[in-house]
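Participant: Following this message is one structure expressed as structure tokens.
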């Protein structure tokens, strides 16, 4: 036990010297992992509305004539469009180079899938999520009491000791085994794996967006901007997304009003009428992290960052930012939204 503690402390010291990693990309489920060695970011809703009425008028009028509206979805115009960046913040994430992709018009959900929507899916299909099958999922430390943190000390994620693998946690007990969904009905569903997300989308007659589709939707028709609305994090000194404020991983000042997730319709972020594309929860995409990955649980690309992101440690709440987890992984800051062919 003492030897394990020394190893954990050494790894923690090393990880503190590495720039930019909140540990979200390490929350990979590994059934063979032993304990202690688990491998594995009313007023806001008005954002961009004036711009939408003016700069984006052609988009709304033109596509309203050509395509039928789908409730809860936005039509995203295709074409030859830029994704990626030539000014990467994390070289290892393969954010660069900027490149042109050709996309057809497509629909994407305006909101992340909520707990209420996922509950309806589970009720009608009797679906069991992978977190329920495995019997555990990953929780951030602020959702655990000091006593629980002490008891689960050996179940922390290596190089990200603020993440704990906790038994009994799943989508309907999102904040711990004694929690429930009361008051969280309109918050994004979390603790869902990539496979869970695919199953829900299929039930809805939809699919997960590709990484390129997700990024084009995130950019809201703008080119080479950091965020869905532009380059400034807080235009007019207003919060436009749900991320961590203060010192990570301790001392969240909650300046944006949300310690954990917020409702899926809280932050309207661009001219495509999309909410929480960045911040709140990471979102699964359909893409493999490595196109040649043939493993049983390959890594899939996730986008958008979460409420746990902070510029000092995980500046991934940018449209070009990307990360990954194995497709059977789940965590308290990982959700999704669906897409559909136009």
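The values are calculated or read from the model by the stated rules, or taken from the named source; none is laboratory data. Fair warning: this is a prediction, and the values are worked out from it, not measured in the lab. Using ideal geometry, Cβ is built from the backbone for each residue, glycine included, and neighbour counts are taken over all protein chains shown.
Participant: Which residue is surrounded by the fewest Cβ atoms within 10 Å (Cβ to Cβ), if the candidates are limited to segment 160-183 and must be at positive phi and over 20 Å from the mean Cα position of the chain (by Cα)? Outline the logic, then answer.
Facilitator: So the first thing to find is which residues in segment 160-183 are at positive phi, and the list is 168, 176, 183.
Restricting the remaining residues to those that are over 20 Å from the mean Cα position of the chain (by Cα) gives 168, 183.
Values: 168: 13, 183: 8.
Per the criteria, the residue is 183.
Participant: Could I ask something else about it? For residue 266, indicate whether it is crowded, with 20+ Cβ neighbours inside 10 Å and either assigned to a strand (DSSP E or B) or in contact with a strand residue (DSSP E or B) (Cβ under 8 Å, 6 or more places away or on another chain) (or both). Spell out the reasoning first.
Facilitator: On the way: crowded, with 20+ Cβ neighbours inside 10 Å: yes; either assigned to a strand (DSSP E or B) or in contact with a strand residue (DSSP E or B) (Cβ under 8 Å, 6 or more places away or on another chain) (or both): yes.
Yes; evaluated as a whole, the condition is true for this residue.
Participant: Quick one: residue 325 ticks every box in (1) modelled with pLDDT of 95 or more; (2) surrounded by fewer than 24 Cβ atoms within 10 Å (Cβ to Cβ); (3) outside any loop (DSSP other than H, G, I, E, B) bar one, so which box is it?
Facilitator: Unmet condition: (2).
Participant: Just checking, which of 278, 301 is within 15 Å of residue 27 (Cα to Cα) and either part of a strand (DSSP E or B) or under 14 Å from the mean Cα position of the chain (by Cα) (or both)?
Facilitator: Values: 278 fails: within 15 Å of residue 27 (Cα to Cα).
Exactly one residue qualifies, and that residue is 301.
Participant: Here's something else I'd like to know. Taking residue 286 as meeting all but one of (1) in a loop (DSSP other than H, G, I, E, B); (2) more than 13 Å from the chain's Cα centre (by Cα); (3) under 21 Å from residue 193 (Cβ atoms), write down the number of the exception.
Facilitator: Going through the list (1) in a loop (DSSP other than H, G, I, E, B); (2) more than 13 Å from the chain's Cα centre (by Cα); (3) under 21 Å from residue 193 (Cβ atoms), residue 286 breaks only (1).
Participant: Need the failing condition index for residue 215 against (1) farther than 13 Å from residue 113 by Cβ; (2) at pLDDT 95 or above; (3) assigned to a loop (DSSP other than H, G, I, E, B), just the number.
Facilitator: For residue 215, the failing item is (3).
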